[in-house]
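Notes to accompany the following structure.
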Amino acid sequence: MSTKAYYQKQIIDLRARMAREKEAMKRDNESYARMIANASSPTSKASYRKSKVDRAESHKRNIESIKRQIAQAQLNKTRAPK
């Protein structure tokens, strides 16, 4: 059985992980925007756009997963002994 301190640390770690994921999403988005702007052909622009959307969706799924983990850790924290 884990303690409240364990779950509190887990929540802090998950929040930090979520912040890193949001930063990565922002960096990827800017990177793909540059690639789209500098693309030489319509085909490569379309490819970069698709990759940008796919990568953004991946980041969003990861963020949602982390949010669920935080919610579960908070629930476990309320049930844990001191």
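The values are calculated or read from the model by the stated rules, or taken from the named source; none is laboratory data. Every value quoted in this text rests on a predicted model; they were computed, and no experiment measured them. Counting neighbours? That spans all protein chains shown, and the Cβs are built from the backbone with ideal geometry, glycine included. The area values use the complete protein model at the heavy-atom level, side chains included, leaving out ligands, DNA and RNA. Shrake-Rupley method; radii C 1.70, N 1.55, O 1.52, S 1.80 Å.
Data overview
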{"item": "Three-way shape call for the chain based on the alpha-carbon gyration tensor, with the a/c threshold at 1.5", "result": "prolate"}
{"item": "Chain lengthening between Y6 and K82 when straightened (0.36 nm per residue, less Cα-Cα)", "result": "26.3 nm"}
{"item": "Local electrostatic count, R27, Cβ distance below 13 Å [Lys/Arg +1, Asp/Glu -1]", "result": "+2"}
{"item": "Helix axis angle, 4-38 relative to the chain longest principal axis, alpha carbon, degrees", "result": "0"}
{"item": "Portion, in percent, of the accessible area of the chain that falls on carbon or sulfur, probe 1.4 Å", "result": "52"}
{"item": "Anchor K4: aspartates and glutamates whose Cα lies under 17 Å away (excluding residues fewer than 8 positions away in-chain)", "result": "D13"}
{"item": "Whole-Hz ³J(HN,Hα) from phi, Karplus 6.51 cos²θ - 1.76 cosθ + 1.60, for region 43-52, glycine and proline x", "result": "5, 5, 4, 5, 5, 5, 4, 5, 4, 4"}
